[in-house]
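This report concerns only the one structure given below.
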C-alpha cells in the first residue's frame, strides 16, 4: 500500500444556510485503503461524503483526487474520475429491472450518441450476471427493482457500485436495516473490495466497523476528532466524551 | 425469460397496429373519412413525440405545440410560395403580405422555395428552438412541474409573436390557400389516399425507430433519469445532455407531425401552436399510456376519434364533452398507465388470484404483486 494519498480533503468547510455542517475538515485516504468514518449524529459524516462526490459545495478548502483539484467539478465529472457513491436511503431505479439497473451502472461509455448505437447493449451481459450472482440477485434479474425487498435493494445498490467499478467508493451506512447475518455478508464483500478499490465507509454498527476497517476516523462537530485503529479509538478519552456528551443530551 | 416474452408480445402488438392502419384505405373509400383518419394519425405521431420526452424521460413538455406549429408553418410557407400567381399578388408575393403592405419577400421566407430545405427546416427549426430552451432548463437542473410551467410560457410567447407579426406570418388567419404538396411525382392532396399512406407509413417507421431508440442504452439511461435523475449523475452521465437530446428528438418528431398536419388540413394557423392543443397532447398520452409509444399513439387516435364521432352525431351533440370527461376520469382512476396497460392489469389480477391460493414465501408474493406496473 503506498502512502501517497489518493483522496485528500484540506480545511474543507460546508455551510447549510448558516449552519456549519463541516468546519475545517482534514482527511487523507491512501490508495487501496478502507477508511471508516464514525461519529455521533450530526457530526458531518454524510456531509463529508456529499462534499467529496459533489452533491454539496465546499464553502472553503480544497479536495484533491490523485493530486487534481475536484472541489468545483459537477457530480458527473467527479464520478467520471472514479468516485462512486452509495446513499443512505437506497436509491435504485425502481421502474427498471434489476438487469437494466446494472446495465445503467455499467458506464464505460457515457455519451448520448455513443449509446444510441448500442442496440443489443449486452456485450457485458455475462459480467453483469456474474455480479448479480455475487450478491444473490440472479433469480430476480428480470424483476422490476421496485418490487425487491429492503435487503435485496441494498444488495442491488452494492452490485451497482461493483458494476460501476470506481476507484474510490463512498458507502453511506451500507448495513442499515440488515440482519446480523446480512451484515456479515456485506463485511465479506467490502473486505474483498479492499486493495483494488479505495473505500470510505460511514457506519454506526461498531461490530461491522471492527470487521472491515484498518483506520477509523472519528468526526465530531464537523471536524476530525481522532484517528487510529479500533482499539486506539475506543481508548481515546476525547472520543468517549463526544459520545457520552451526546448520550447525556439524548437522555436529558 | 419474462422480458423475452414481453418483448415478443410488444413487437407483435406494434406490428398488428401498423398493419391495421396501413390496411384502412382498402376498406374506406370515402375521401372525407380518410382525411379524418389521416388527421387522427398525425395526432398519433404528435402524441408519440410527447411520449418520448414525458413517458420515457419524465420531461413534461407543455409546449409541444410549439414544435408542431412551427413544422406546420414551415410546410405552409413552402406551399404558399408555390401557389399559382393569381392568388399570390405581385411578383409571387403571398397575398397576405400584399395586404399588409410588404413589398419584398422577407429573407427567412426565401429558402422555402426549396422543398429539400423545407423538409429539413420542419425538423430542424423545432429541434433548434427546443435545444436552446432545453439548454437553459436542463443545465439549471429545472425539473418536474417547473419544466411544464416554463415550456407552457414559451408556448404562449411564441404564439403571441406569430399572431403579432401578421405581416410575415398571416397573423390570426395563419397561412391559407395553399397549393398541393408534390414530391417525386406524387401529389399529396388533403383528401388523397397518398397523404393517408404518407402519415401511416411515417407513424409506422417512428414507432419502430422509437422502440429501437428506447431499447438502446441511451433509452435505458433516459428511463433511469426518469426514475432518479440524481442517482444517474453519480454514475458519471451528463444528465442534462441526455435530457436535451430527447427533448430535441421529441421536438423534431412533433415538427414532422406539424408538416403532415398542413398537408391534411391545407392551411397553417396559430391555433396549431396554442394552449388547447398542447394540453390535448398530454391527455392523449395519459389516456393511451405515456410510457408506451404505441399507447401514446393509440391514445391520440382513440380520443380524437371518439371526440370526432361523438361531436358529429346528433344524439351526443350536447353531451359529448361530458362523455369525454367521464372517459378520462375512468382511465385515470382504473388504468393509471393508460389504455395500453389493460392487458397487464388483467394479467396481474389473475396472477394475484392464483398466488393467493397456495401460501408462498412472502418475498415472492411481494415481487409478483404488480400494484402499479408501468406499461413499457
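The values are calculated or read from the model by the stated rules, or taken from the named source; none is laboratory data. Model, not experiment: these values are computed from the prediction. Glycine gets a Cβ as well: all are built from the backbone with ideal geometry, and neighbour counts include every protein chain shown.
What the table shows:
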read-out: Output for the range B:20-51, where each listed residue is within 20 Å of the chain's Cα centre (by Cα) and loosely packed, with under 13 Cβ neighbours inside 10 Å; value: B:20
read-out: Test result for residue B:120, modelled with pLDDT of 90 or more and surrounded by fewer than 18 Cβ atoms within 10 Å (Cβ to Cβ); value: yes
read-out: Yes/no for residue A:138 being more than 29 Å from residue A:213 (Cβ to Cβ), surrounded by fewer than 22 Cβ atoms within 10 Å (Cβ to Cβ) and over 17 Å from the mean Cα position of the chain (by Cα); value: yes
read-out: Matching option when the condition is more than 25 Å from the chain's Cα centre (by Cα) and either surrounded by 18 or more Cβ atoms within 10 Å (Cβ to Cβ) or part of a helix (DSSP H, G or I) (or both), among B:17, B:96; value: B:96
read-out: Options B:134, B:219; residue that is under 20 Å from the mean Cα position of the chain (by Cα), part of a helix (DSSP H, G or I) and under 30 Å from residue B:13 (Cβ atoms); value: B:219
read-out: Residues (under 16 Å from residue A:83 (Cα atoms), crowded, with 23+ Cβ neighbours inside 10 Å and in contact with a helix residue (DSSP H, G or I) (Cβ under 7 Å, 6 or more places away or on another chain)) located in the range A:169-188; value: A:169, A:170
read-out: Failed condition for residue B:104, given (1) over 30 Å from residue B:241 (Cα atoms); (2) surrounded by 13 or more Cβ atoms within 10 Å (Cβ to Cβ); value: (2)
read-out: Any hit, the range A:36-55, residues being over 15 Å from the mean Cα position of the chain (by Cα), more than 9 Å from chain B (Cβ to nearest Cβ) and part of a strand (DSSP E or B); value: no
read-out: Which listed residue is within 20 Å of residue B:222 (Cβ to Cβ) and either assigned to a helix (DSSP H, G or I) or touching a residue at least 40 places away in the same chain (Cβ under 8 Å) (or both), from B:50, B:70, B:33; value: B:50
read-out: Lone unmet requirement of (1) within 25 Å of residue B:128 (Cβ to Cβ); (2) assigned to a helix (DSSP H, G or I) for residue B:143; value: (2)
read-out: Which numbered condition residue B:251 fails, given (1) within 14 Å of chain A (Cβ to nearest Cβ); (2) under 15 Å from residue B:57 (Cβ atoms); value: (1)
read-out: Where a residue in the range A:227-240 is on the phi > 0 side of the Ramachandran plot and its partner, wherever it lies, is at pLDDT 80 or above, with Cβ under 6 Å and at least six apart; value: none
read-out: Meets criteria (touching a residue at least 60 places away in the same chain (Cβ under 8 Å), within 27 Å of residue B:145 (Cβ to Cβ) and touching a helix residue (DSSP H, G or I) at 6+ places or on another chain (Cβ under 7 Å)) for residue B:335; value: no
read-out: Any hit, the range B:164-187, residues being without any contact (Cβ under 8 Å) to a residue 12 or more places away in the chain, under 23 Å from the mean Cα position of the chain (by Cα) and either surrounded by 18 or more Cβ atoms within 10 Å (Cβ to Cβ) or away from every other protein chain (no Cβ under 14 Å) (or both); value: no
read-out: Any hit, the range A:236-246, residues being under 18 Å from residue A:36 (Cβ atoms), assigned to a loop (DSSP other than H, G, I, E, B) and in contact with a strand residue (DSSP E or B) (Cβ under 6 Å, 6 or more places away or on another chain); value: yes
read-out: Test result for residue B:201, more than 18 Å from the chain's Cα centre (by Cα) and assigned to a helix (DSSP H, G or I); value: no
read-out: Among the residues listed as B:219, B:210, the single one being closer than 18 Å to residue B:285 by Cβ, modelled with pLDDT under 90 and within 14 Å of chain A (Cβ to nearest Cβ); value: B:219
read-out: Subset of the range A:152-168 (residues that are touching a helix residue (DSSP H, G or I) at 6+ places or on another chain (Cβ under 8 Å), within 11 Å of chain B (Cβ to nearest Cβ) and within 25 Å of residue A:47 (Cβ to Cβ)); value: A:160, A:161, A:164, A:166
read-out: Listing of helices (runs of 4 or more DSSP H) fully contained in the range A:70-151 that carry 2 or more residues being in contact with a helix residue (DSSP H, G or I) (Cβ under 8 Å, 6 or more places away or on another chain) and either modelled with pLDDT of 85 or more or at the interface with another protein chain (Cβ under 8 Å from one of its Cβ atoms) (or both); value: A:75-80, A:98-105, A:112-116
read-out: Unmet criterion (only one of (1) buried (at least 24 other Cβ atoms within 10 Å of the Cβ); (2) over 14 Å from residue B:54 (Cα atoms); (3) away from every other protein chain (no Cβ under 14 Å)) for residue B:233; value: (3)
read-out: Residue in the range A:18-33 that is away from chain B (no Cβ under 13 Å), touching a helix residue (DSSP H, G or I) at 6+ places or on another chain (Cβ under 7 Å) and assigned to a loop (DSSP other than H, G, I, E, B) present; value: no
read-out: Scope the range A:160-197; condition touching a strand residue (DSSP E or B) at 6+ places or on another chain (Cβ under 9 Å) and more than 22 Å from residue A:91 (Cα to Cα); matching residues; value: A:191, A:194, A:195
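Residues are listed down the side, and each one gets a yes or a no for (1) in a helix (DSSP H, G or I); (2) within 17 Å of residue B:118 (Cα to Cα):
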{"residue": "B:153", "(1), (2)": "yes, no"}
{"residue": "B:158", "(1), (2)": "yes, no"}
{"residue": "B:163", "(1), (2)": "yes, no"}
{"residue": "B:177", "(1), (2)": "no, no"}
{"residue": "B:187", "(1), (2)": "no, yes"}
{"residue": "B:195", "(1), (2)": "yes, no"}
